[in-house]
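A short worksheet on the structure shown next.
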Amino acid sequence: MKKIELKTPITLYDSVEELPFDVQNLMNEAVKARNTAYAPYSKFHVGTAFLLENGEIITGNNQENAAYPSGMCAERVAVWQAGSRFPDVKIKIIVITASSKSNPVTQPVAPCGGCRQALSEYEIKQNENIAIYFMGETGNVIKTESLHDLLPLAFDKSFL
Ligand code: THU
């Protein structure tokens, strides 16, 4: 028996102003998407924007449903759009932002486990890392260099 430590490297930015300009622009697109989220039940609005290698920007937001499990997270709304519209184009950067009607979201909001799994599929498929930046409405921004960093020990096609 041996213990192995898995490390998750992150980059912590004090605020959105510290991000590279192209990422700030992408975050602006995510904020716009966040503002049109359909989240009448949780009142928690999530917006995301993906930069593809062909320059296209794909956005998504959460879409809730009175039958709660039938709703969908912003990240999966966007990644399936990217996968269906641009199946052979790599995703370079994903940015995510969240706000709430109940209280200010000042901490970075990481993608949920289900979204990490869904996104991980596409990173593996394209054989190239996707940088992920996530934040609340204000405050710090966290960057990870890949989905793999967010989801170590992922389930993937190698098990099938
Ligand atoms: N949500 C997302 O859109 N992305 C995540 O990664 C976490 C959660 C949404 C789902 C639901 O509409 C609301 O946030 C509250 O969970």
| said: Apply the Karplus curve 6.51 cos²θ - 1.76 cosθ + 1.60, θ = phi - 60°, to the phi angles in the range 127-135 and return the couplings in whole Hz, x for Gly and Pro. | reply: 6, 8, 4, 10, 6, 10, 10, 9, 8
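Loop by DSSP (not H, G, I, E, B), at most 14 other beta-carbon atoms within 10 Å: where is the longest site-free stretch of the chain for chymotrypsin sites (Phe, Trp or Tyr not before Pro)?
Values: sites that count: Y41, F155.
In short, 42-154.
Compute the orientation-averaged projected area for the range 67-110 from the convex hull of its Cα atoms and round it to one decimal in nm². Let's see the in-between values first.
Numbers: hull surface 18.3 nm².
Across all orientations, the range 67-110 yields a mean hull projection of 4.6 nm².
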| message | Restricting the calculation to Cα positions, tell me the Rg (one decimal) and the Dmax (whole number) of the chain in Å. | response | 15.6, 51
| query | Between K92 and residues 5 or more places away or on another chain, which pairs have amide H atoms under 5 Å apart, with H built 1.01 Å from N, and which residues are they? | reply | L51, L52, E53
| query | Which residues' amide hydrogens lie under 5 Å from the amide hydrogen of E137, considering only partners 5 or more residues apart or on another chain, with H built in the peptide plane? | reply | A98, V105, T106, Q107
| field | ³J(HN,Hα) computed for each position of the range 117-123 - Karplus, 6.51 cos²θ - 1.76 cosθ + 1.60, integer Hz, glycine/proline x | value | 5, 5, 5, 4, 3, 7, 5
| task | Would you kindly derive the ³J(HN,Hα) couplings of the range 61-72 from the backbone phi angles with the Karplus curve 6.51 cos²θ - 1.76 cosθ + 1.60 (θ = phi - 60°), listing them in order in whole Hz, with x for Gly and Pro? | result | 8, 6, 10, 8, 8, 4, 8, 2, x, 7, x, 9
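In deg cm²/dmol, rounded to 500, what helix-only [θ] at 222 nm does the chain give when every DSSP H run of at least 4 residues adds -39500 (n - 2.57) and the total is split over its residues? Don't skip to the end; give the middle numbers.
Details: 4 runs with 45 residues, N = 160.
Computed mean residue ellipticity for the chain: -8500 deg cm²/dmol.
Read-outs: derived from the displayed coordinates by stated rules, not from any lab. Worth saying up front: this structure is predicted, and the values here are computed from it rather than measured. Every residue, glycine among them, receives a Cβ derived from its backbone with ideal geometry; neighbour counts consider all protein chains shown.
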